[in-house]
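Read through the structure below, which is laid out as structure tokens, and then see the notes.
The values are calculated or read from the model by the stated rules, or taken from the named source; none is laboratory data. Please read all numbers here as calculations on a predicted model, not as lab measurements. Note that each Cβ is placed from the backbone with ideal geometry, even for glycine, and that neighbours are counted across all protein chains shown. Just so you know, the surface numbers come from the protein's heavy atoms only, side chains and all, with ligands and any DNA or RNA stripped out. Shrake-Rupley method; radii C 1.70, N 1.55, O 1.52, S 1.80 Å.
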Amino acid sequence: MRVASNTIHNTAQGDGVQDSLNSDSNLSGDRNVIKGPETDHFRTDHLLNNIGHRAISGGFITFGAQGAKLILNFAAAAILARLLGPRDFGLVGMVLGVTAVVGVFKELGLSTATVQRDTITQQQVSNLFWINVAFSGLLGLICAGLAPLTAWFYHDHRVMGIMLALSITFLLTGSTVQHQALLSRQMRFQALAVIDVISITIGYFSACILAWVGAGYWALVIQQVAIAGCALPMTWVISRWRPHLPSRNSGVRPLISFGAHLSVADFVARFSESSDSILLGRFYGAEPLGLYSRAQVLLGRPIQQVLTPINSVLIPVLSRLQSDPERYRRNYMQAYGGLALIVFSFSGLCVALASPIVLVVLGPKWAGVIPLVIGFALVAVSGPLSLICAWIYESQGRGSDQLRNHTIAGVITIASYIIGLHWGPVGIIMSLAIISLCIRQPIIYHIAGRSGPIRTRDLWAGFLSHVPCWGAVFLPAWLSYKAMRHTSPLIQLIVCVPVGLVVGVFLMLLIPSPRRSAFFIASRIFGALKAKAIA
């Protein structure tokens, strides 16, 4: 399960994120940059006026977009699960496991460099654009060239055609990297949300139509191509930025160096994350991998879409608080506590109600996914709360620690997959759940807490103080499910989900740390709604 990008709200009462947004420290930019003509695409000084309101409003928009994507994701998953079989999802999953590893170099970390740079010029962004396009084209050719080898590796000739088709997406997505980075730099969150939601909607709609007419696994392939193909023209039209021809002496060397470090760390992380799909596809075939991928969608996507709206604002906010360790620590631990409350509650609910969730969303023929959903829910106990240590590394500029963290965590993750491989998909995910909590998380917390305002003991204190949230939701949801086991899965969900959440919230309010986290989340939601109403 991977982490992604954007927003945390703050109230107007002085302390916390709003103060940090108005602080005088710098957003990890390099002031020793050759300045070019100020244009609307590159200027950011006008954003400093009421930047707190812009961040809150942008966060509200991004959360809304993630909610829409979550609904689309479950709707498409439910429809496609009834039109396609596990083998169809497994075939595409085999290729996506490989393309995910290769595709990590598509951006080369240059989008982050563009967003975080204090000042940047047309020449620099243009050169970065052509670098992204060139590397994306190269990656597409590499994937096309690897197609026969990949088909041999998986012992399935159909993989070759899938990989050839998906190789096109590299060039399509690589041509939007700098345009989307400039939209992020200008805090045009609504534009990014529109592009994201519309392109995904078209992709899902295309897949459902093709699956309905009998296209089989090609419906899932076209879905990926359609998403990238729709995002390209929309991004160019909405951004309105156009690159110049490449030029020399533009000062992009520091940007490339910065991006290279990020790319290496991301490659290590992505390789470890994709190795489960590669191993399952190689040793067990398409059908078990298809079951595994559907469980991953049901559990991984919702958590990712919670994390995504937090990162893009929280990391810059923490970056600006480096000179104020106490406020840095307070802001981080508040966000950590809020996320811990959500993650533990979600995990407990999914473990208790795995069976009705699978039967309602995917249908009876996917009953084999139920134990996998339980396994992924147990991984969620430690996985997301380990991944967010990246907030610490990126905001404090600890690139070497981030690479060290990703390398060690990646080795442990792959080792857990290999250990559990003998027992198939369930063995892999249960092995990861146990090793992640007992070995990977302690090492990650040790590395993250070695320096800076957040210490290892702070991370463990936040984790352990929220563990009761898991039981507070699991127990009432499980008891109510047992009481209603003879009813239909839909009725079980309609009754048991509210029971688990309502009783769980009541129990959590009796415990100091979860209570503070619940009030923190509530204040941010109400503040965001108020800010949106004022806007």
Sorted from largest to smallest, which semi-axis lengths in Å does the alpha carbon gyration tensor of segment 336-434 give for its equivalent ellipsoid, taking the root of 5 times each eigenvalue? 29, 19, 9
Residues other than Gly449 with Cβ under 13 Å of its Cβ, Lys/Arg counted +1 and Asp/Glu -1, net out at +3
In bins 10 Å wide, starting from 0, what share of all Cα pairs of segment 162-227 does each bin hold, as a percent? 21, 41, 27, 10, 1
How would you rank 177-183, 229-235, 328-334, 500-506, highest first, on the average number of other Cβ atoms within 10 Å across their residues? 177-183, 328-334, 229-235, 500-506
Radius 14 Å from Cβ of Leu80, net charge of other residues (Lys, Arg +1; Asp, Glu -1): +4
Add +1 for every Lys or Arg and -1 for every Asp or Glu among the other residues with Cβ under 14 Å from the Cβ of Asp196, and state the total. +3
Can you compute the modelled spin-label distance between Trp460 and Arg485, with each label point 7 Å from Cα toward Cβ, in nm? 3.8
Descending accessible area (1.4 Å probe), largest on the left, turns Phe135, Phe283, Phe170 into Phe283, Phe135, Phe170
Output the peptides 271-281, 507-517 sorted from most to least packed, where packing is the average of other Cβ atoms within 10 Å over each peptide's residues. 271-281, 507-517
Could you sort 121-130, 453-462 so that the peptide with the highest average Cβ count within 10 Å comes first and the rest follow in order? 121-130, 453-462
So what's the gap between the Cα centers of segment 211-225 and segment 485-501, to the nearest angstrom? 33
